[in-house]
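Coordinate-derived values only; no laboratory data. Computed from a predicted structure; not experimentally measured. With ideal geometry, Cβ positions are generated from the backbone for all residues, glycine too; neighbour counts draw on all protein chains shown.
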Amino acid sequence: MSPARHFVTKDGTRLNVDIGHDGPPVVFLHGLCGDAGQTREAFPSECGFRRVTVEARGHGASEPGDLAKLSIATFASDIADFIEQELKAPVIVGGISMGAAISLRLAIKRPDLVQALIVARPAWLTASAPENMAPNAEVGRLLGTLAPEAAKQAFIEGQIGQRLAADAPDNLTSLLGFFSRQPVEVTAALLTAISNDGPGVSEEEIASLSIPTLVIGHEKDLIHPLAYARSLAERIAHARFAEIAPKTSGRTQYVADFHAAMHNFLTEL
């Protein structure tokens, strides 16, 4: 188990910080309704760098704070404050899915804090509420209106659930886990707010990035389209693109490919 500590935001929300092995820090952030376990699995253990995961508000062991403040912008602001107060900037910043959006926003809005960028399995480009996030939004809507078991059954039987079962079973498995996530009201608020949000950056800002960047994507994922990863890699100057095995092909290969992509990028910086 990695050592952990806490960080208190400017508005008094207590966030959990999960820290990996010794070395220069890489602030590596989890996805929506995930936690440090996700980043711990994906981060290569022997790359000479230390993973630092700040669990976002309402995730893992972090407090949710004011539910009205849940947004990618708030999460990015929390990470900016953490880096300024706890680390020596600039640092390498990256993340998976929602963590990728937070990292992209931070690299653009606070370039003084970011030395290099890792965007893994992006679920956003520039637009808010992209269609690929509709399944998450639907889970949030159902959890806000029905009891968890009834909400789960309605999702499974609905059009989105049926499509995921046929085309993206790994996405479906992840989403079904949200129906038992506690507290229910925080899960519903997160899924609703973040699914309808966006990184708040423009095409021009993305194209202006010139820091070393790794973009990771894979097929058979409707929530994290491979086309998004390819598009970001094409728009960011000198970005490195790595296509890895999808989880549906076997989690062992997915993790191994993820480790290799990150290890190669980090050791060549």
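The mean sequence distance of close C-alpha pairs (under 8 Å, at least 6 residues apart), as a share of the length of the stretch 58-212, puts its relative contact order at 30 percent. Full-extension gain between residue 255 and residue 220, please, as 0.36 nm times their residue separation minus the C-alpha to C-alpha distance. Stretched out fully, the residue 255 to residue 220 stretch lengthens by 11.0 nm.
Amide H to amide H, with H built 1.01 Å from N, residue 214 comes under 5 Å of 117, 118, 119, 240, counting only residues 5 or more places away or on other chains. By how many degrees, between 0 and 90 and to the nearest 10, does the Cα long axis of helix 226-235 differ from the longest principal axis of the chain? Result, in degrees: 30. Helix 134-145 and the longest principal axis of the C-alpha atoms of the chain enclose an angle of approximately 50°. Extending 7 Å from the Cα toward the beta-carbon at both residue 22 and residue 238 defines two label points whose distance is 3.1 nm. Evaluating 6.51 cos²θ - 1.76 cosθ + 1.60 at θ = phi - 60° for every residue in the stretch 69-81, the Karplus couplings come out as 8, 5, 6, 5, 4, 4, 4, 5, 5, 4, 5, 4, 5 Hz, glycine and proline recorded as x.
In the chain, excluding the sites themselves, the longest stretch lacking any of the trypsin sites (Lys or Arg not before Pro) that are in a DSSP loop with at most 14 other Cβ atoms within 10 Å is 89-269. Calculated [222 nm] ellipticity per residue, helices only, for the chain: -13500 deg cm²/dmol; basis is -39500 (n - 2.57) per DSSP H run with n ≥ 4, divided by all residues, nearest 500. Whole-Hz Karplus values for the stretch 50-67 come out as 10, 6, 10, 10, 8, 5, 5, 3, x, 10, x, 9, 7, 6, x, x, 6, 5 Hz, taken residue by residue from phi with 6.51 cos²θ - 1.76 cosθ + 1.60 and θ = phi - 60°; glycine and proline positions read x.
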